[in-house]
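In what follows, a single structure is set out as structure tokens and then discussed.
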Amino acid sequence: MIKSFLLVLIFLFPAVSFGQSDLKALLNELDNAIKNRQQYMDQKELRIRQLRLRLKSSGMPLREIYDINNWLCNEYRPYKNDSAIRYAEHNLHIAESLGDKRLMFEAKLQRASLFSISGMYLEADRLLQGINSTELLGALKADYYQSCKDLYGNISTYNTSGSAKYRHLNGLYRDSLLGVLDTSSSRFQSVYAEKLSMGGRFAEARKIFLNQLQSIRPKTHEHAMVTSAIGNVYKNEGNVEMERKYFALSAISDIHNAIKENTSLQALAIALYEMGDLDHAYQYTKYSMEDAIFCNAPLRTIVISKMFPIIDAAHQTKINAQRKQLLRYLALISILSVCLIVAVIYVLKQMKKLKRGRLALGHANDLLQQLNQDLRMVNEQVSSVNNKLLESNRIKEEYIGNFLDLCSSYINKLEDYRKVMNKKASTGKLEELFKMLRSTDLIDNELKALYKNFDNIFLHLYPNFVEEFNKLLLDGEQFTLKAGELLNTELRIFALVRLGIHDSSRIANFLRCSMSTIYNYRTKVRNKAAVPREDFDRFVVEIGTMSTFYSK
């Protein structure tokens, strides 16, 4: 359903998605193909050489020679028409030698088709008139009608004096061809679409060709023929944008297949000439002329030779206009150059005056730079001091508030503890009272609460402390905290260092352990440092500085 809808959009709005940028891309691709056309010709010549080598085998049956000649004829047909005719004549002699009537009809029809392409209309007509169409069956009858249709179509195109008569004959043979073709075949669809287009039913013809294009591989000979047919439909319809697109696609496929007998490049050149692209029109017309001469297709040469002088004259006019414009620009540049020389002389004189001034200002600038450097250093020092003061003030404010809360909490706990002991003493429960006095659970619990409180407050001040601290350590030596653990003993030691407490005795008192333990912990961590050991404490102190804090 979606695919059908998209196809309808393509048929109704064919030019919506194609613009100048798309045409430019296609022309660039065509230019690249023309640049590499010798490569495609070499591939064609290689196939031909391989077939010709097969003909040199001795003792080959005539029927096999006929088939190879037929392949060679098909290879040469759009490439070198006179060579294709020569192999078709060989096949006619072989068919006569074999006495095979069907092969004789096939060779004659092939020669007639080639004569029609090369402009040998009388010879083609004589051959076709000499064939009794009632004796032809199946594909041969279709080929006969095809040859007649193509012959009278070519005559009507290149012979304007009796074009109406030959167009009529072309239409009659087209109808006869449609009568013998399988209606489900792509050949029938192509001929029928051609008939629709000739009758002005462009949308229906375009739909058939576009449907065929969906199943054809790009850059093949079939692709070239179908896109050329679509280009002709758009040309007859007056849709110049899409006409150029499909003629360009057809020309690209022709060049990739070394097709010299082509009309797409010539039609594209005319269309580009009409839109004012004289450079491409001239180049493509010249290439079309070279291909027609190479292919030995006189009619193509005649048609191109009629158009080439017009395009060449327009191109020469453009070149002459550009040359005149270039001369005007050269004159203007010459005048500007003289003015520039005068200006340079004036500037040189002014520079000499400025040079003396610069020498006088040089010493002053050096002194000023020195003063600026000194001032910058003082400003940096002041800024550093200010940052430290702000950091200190922030920490003090945080800790004063937490200290007051902690003191209040401890006073309340002492009051509660006093009440419990007083109650036990007054009730005579001395044994329980002594037990409470001997127990260390209260101290242990309060220490845990103290450290947890410290961890919470510290990480509130420096939330990225653990992450930043681990960055100072070697890979594989970072601290990994347990579940529910905020800081461990080592991290807590360096947390105190970050707060400005460097004295190991004070750290030991706070953590209730010996100074040697603190020393061992600090030494062990420094040995894991990714930074110089002697600077480790300085890096720790710089974690979460004010500049970092405010940048977050």
- [ ] Go through (1) among the hydrophobic types (A, V, I, L, M, F, W, C); (2) in a helix (DSSP H, G or I); (3) not assigned by TED's automatic domain parsing to the domain that holds HIS221 and name the single condition MET60 misses.
- [x] (2)
TODO: Taking ARG187 as the residue in question, decide whether it is within 30 Å of LYS80 (Cβ to Cβ) and surrounded by fewer than 17 Cβ atoms within 10 Å (Cβ to Cβ).
DONE: yes
TODO: Could you please tell me which pairs satisfy a Cβ distance under 9 Å, a separation of 6+ or placement on different chains, a first residue in segment 500-527 that is closer than 16 Å to LEU447 by Cα, and a second residue that is among the charged types (D, E, K, R)?
DONE: ILE507/ARG492; ILE507/ARG522; PHE510/ARG492; LEU511/ARG492
- [ ] Kindly indicate whether LEU151 is touching a Ser or Thr at 6+ places or on another chain (Cβ under 9 Å), within 23 Å of ILE293 (Cα to Cα) and of a type outside the set (Val, Ile, Thr).
- [x] yes
Task: Enumeration of residues in segment 73-90 that are more than 51 Å from the chain's Cα centre (by Cα) and at pLDDT below 90 - done: none
Task: Exclusive hit being over 18 Å from ARG47 (Cβ atoms) and either touching a residue at least 40 places away in the same chain (Cβ under 8 Å) or among the β-branched types (Val, Ile, Thr) (or both), set GLY119, GLY59 - done: GLY119
- [ ] With the condition kept exactly as written, say whether any residue in segment 36-56 is within 30 Å of GLU237 (Cβ to Cβ), at pLDDT 90 or above, within 34 Å of the chain's Cα centre (by Cα) and of a type in the set (S, T, N, Q).
- [x] no
- [ ] Pull up segment 476-491, narrow it to residues that are surrounded by fewer than 19 Cβ atoms within 10 Å (Cβ to Cβ), in contact (Cβ under 8 Å) with a residue 12 or more places away in the chain and of a type outside the set (Val, Ile, Thr), then point me to the one that is farthest from LEU447 (Cα to Cα).
- [x] GLU477
TODO: Sort through ILE501, ILE543, ILE507 and tell me the only one that's assigned to a helix (DSSP H, G or I) and not polar (S, T, N, Q).
DONE: ILE507
- [ ] Kindly list, by first and then second residue, each pair from a residue in segment 188-206 that is at pLDDT 90 or above to a residue that is hydrophobic (A, V, I, L, M, F, W, C) and assigned to a loop (DSSP other than H, G, I, E, B), limited to pairs with Cβ atoms under 6 Å and residues at least 6 apart or on different chains.
- [x] PHE188/LEU181
Task: Counted residues, segment 76-91 - those being touching a helix residue (DSSP H, G or I) at 6+ places or on another chain (Cβ under 7 Å), surrounded by fewer than 21 Cβ atoms within 10 Å (Cβ to Cβ) and without any contact (Cβ under 8 Å) to a residue 60 or more places away in the chain - done: 3
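Residue check: is PHE454 assigned to a helix (DSSP H, G or I) and surrounded by 10 or more Cβ atoms within 10 Å (Cβ to Cβ)?
So PHE454 fits the description; yes.
Of ARG174, ARG111, which residue is outside the structural domain of LYS260 (by TED's automatic domain parsing), out of contact with any strand residue (DSSP E or B) (no Cβ under 6 Å at 6 or more places or on another chain) and over 26 Å from LYS260 (Cβ atoms)?
Unique residue meeting the criteria: ARG174.
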Task: Those helices (runs of 4 or more DSSP H) lying entirely in segment 69-138 with at least 1 residues under 27 Å from LYS56 (Cβ atoms) - done: 81-98, 101-118
Open item on the list: Take the residues in segment 483-494 that are aliphatic (A, V, I, L, M) and within 53 Å of the chain's Cα centre (by Cα); name whichever of them is farthest from SER514 (Cα to Cα).
Closed with: ALA483
Task: Looking only at segment 446-482, and only at residues there that are basic (Lys, Arg) and within 52 Å of the chain's Cα centre (by Cα), the one that is modelled with the highest pLDDT - done: LYS471
Task: Per-region count, segment 475-498, residues assigned to a helix (DSSP H, G or I) and farther than 22 Å from ASN456 by Cα - done: 0
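The values are calculated or read from the model by the stated rules, or taken from the named source; none is laboratory data. None of these values were measured; they are calculated from a predicted model. FYI the Cβ positions are ideal-geometry reconstructions off the backbone, even for glycines, and counts take in every protein chain you see.
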